[in-house]
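Here is the structure we will look at.
No lab work stands behind these numbers, since they all come straight from the coordinates. All values reported here derive from a predicted model rather than from experimental measurement. Glycine gets a Cβ as well: all are built from the backbone with ideal geometry, and neighbour counts include every protein chain shown.
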Amino acid sequence: MIDRTAVIAALDAIVDPKSGQGLVAAGLVQGLTVAEDRAGFVMEVPAGETAIYAPVRDAAEAALKAMPGMARVSVVLTAETAPAAAPRRTAGLSKAATDQGRAKAPVPTERPAHVKRVLAVASGKGGVGKSTVAVNLAAALAARGLSVGVLDADVYGPSLPTMLGLSGQPAYEDGAIVPHVAHGLKAMSVGLLTKADDAMIWRGPMASQAITQMLTQTRWGTEETPLDVLVVDLPPGTGDVQLTLIQKTPLDGAVIVSTPQEVALADARRAHTLFQRVNVPTLGLIENMSGPVFGQGGAEAEASRLGVAFLGDLPLDAALCQAGDAGRPLVSAAPESEVAQRFAIVAARVAEALGL
């Protein structure tokens, strides 16, 4: 267990080049979080001085990483915005809302028990086929011989029960939820805990609590047979559910799904920005519904602009939709089809990025 006092002492041994004081004494350590084997904080400096403090941030990271038992360190350097000479009063968000968008360094507590990798599938925008991609990507990873689980984190619009043909509440044994198994995948969704026609009229804290319960209280694997990868189907956007997941467990990477149009790519950029701010690597972009209807190549060009990998494109195919409605992923129902082969290529790239 990392000692908070020892972390503070290590940071105070690093000198602020302007005041000559230690980092903590100089007030440069903000939002310090110390967990069992990790620590992180934000260092906010005056505008225009990030170049001066970049070596200081590096020294702080090195000092924390050198501490015995330290597994993960996050030090975010950010600059204050210099005020305009004659500011014009305009409408804007409250300070509390603005602070929520600042770059922070949340330190996840721990990954779910007996899970080797956690992969988030995000979109930033609804209606781009993210859940369809998540389920078929999970099936394609399982086809590679991996042990795979799928968590439906879209508590307001759960689609996993339909796409995997699941129904009925899961069992609860020895203090843990026993996930359903379908098409070789372990699956958990809030849609399995409620009635099919229930509306999730939940505020953010309630939705976050549901995600925490499904994430940490589900028996995804055992010590003898751990889960290789848990695929988490995130809801659209960059709100409470996404932040809860990031703060509850270390994510090994995120995959962003988009259609080729700019209206979808704009939200894909926002999703990428969220993951950047919390030090979660974006493994790449997937272009869904690619072809003559919505266009082609938009996500590949965007991946190049963002400096991330382009994982592949998937055509707009009626068979993909029909398989999902029938409760069987197309990758499982028609493994030799063109779309299934494209998913196999994407899965190979994702597995390589995750070290699986």
Quiz item: Any idea how far apart V293 and Q169 come out in nm if each label point goes 7 Å out from Cα toward Cβ?
Solution: 3.9
Quiz item: Comparing L32, L146, L193, which has the greatest mean-square fluctuation in the GNM of the chain with Cα pairs linked when under 10 Å apart?
Solution: L193
Quiz item: Given the Cα-Cα distance of Q21 and S304 and 0.36 nm per residue of separation, how much length would full extension add, in nm?
Solution: 97.6 nm
Quiz item: Among the DSSP beta bridges whose two residues both lie in the stretch 129-198, what percent are antiparallel, rounded to the nearest 5?
Solution: 55
Quiz prompt | Karplus 3J(HN,Hα) series, Hz, for the stretch 258-265 with 6.51 cos²θ - 1.76 cosθ + 1.60 (x for Gly, Pro) | solution = 8, 8, x, 6, 4, 4, 8, 5
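What does the net charge come to around L251 if you take all other residues with beta carbon closer than 12 Å to its beta carbon, with K and R at +1 and D and E at -1? Please report the intermediate quantities before stating the final value.
On the way: positive: R72, R111, R117, K248; negative: D252.
Surrounding charge for L251 is +3.
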Self-check item: GNM top mover of A122, A59, A268 - the chain, alpha-carbon springs below 10 Å
Solution: A59
Self-check item: Antiparallel DSSP beta bridges within the chain, percent to nearest 5
Solution: 20
Quiz prompt | Spatial extent of the chain: Rg and Dmax, with the Cα atoms as the point set, Å | solution = 21.9, 67
Quiz prompt | Long-range amide H partners of M289 with built H, under 5 Å | solution = L314, L316
Quiz item: Stretched out fully, how many nm does the piece from A51 to D37 gain, at 0.36 nm a residue minus the Cα gap?
Solution: 2.1 nm
Quiz item: Using the alpha-carbon atoms, what tilt in degrees (0 to 90, nearest 10) does helix 130-143 show relative to the longest principal axis of the chain?
Solution: 80
Practice problem: Once you've got the GNM for the chain with C-alpha springs shorter than 10 Å, pick whichever of A187, A254, A171 has the biggest mean-square fluctuation. | Solution: A171
Quiz item: Hey, what number do you get for the chain at 222 nm if only DSSP H runs of n ≥ 4 count, each worth -39500 (n - 2.57), divided across all residues, to the nearest 500?
Solution: -10500 deg cm²/dmol
Quiz prompt | Additional length obtainable on full extension of the chain from L316 to Q341, 0.36 nm per residue less Cα span | solution = 7.6 nm
Quiz item: Considering amide H positions built from the backbone, and no H for Pro or chain starts, which residues 5 or more places from V232, or on another chain, come under 5 Å of its amide H?
Solution: L119, A120, V121, L151
Exercise. Average the reciprocal distances over every distinct pair of alpha-carbons in the stretch 242-356, invert the result, and give the Kirkwood radius in Å.
Key: 15.1
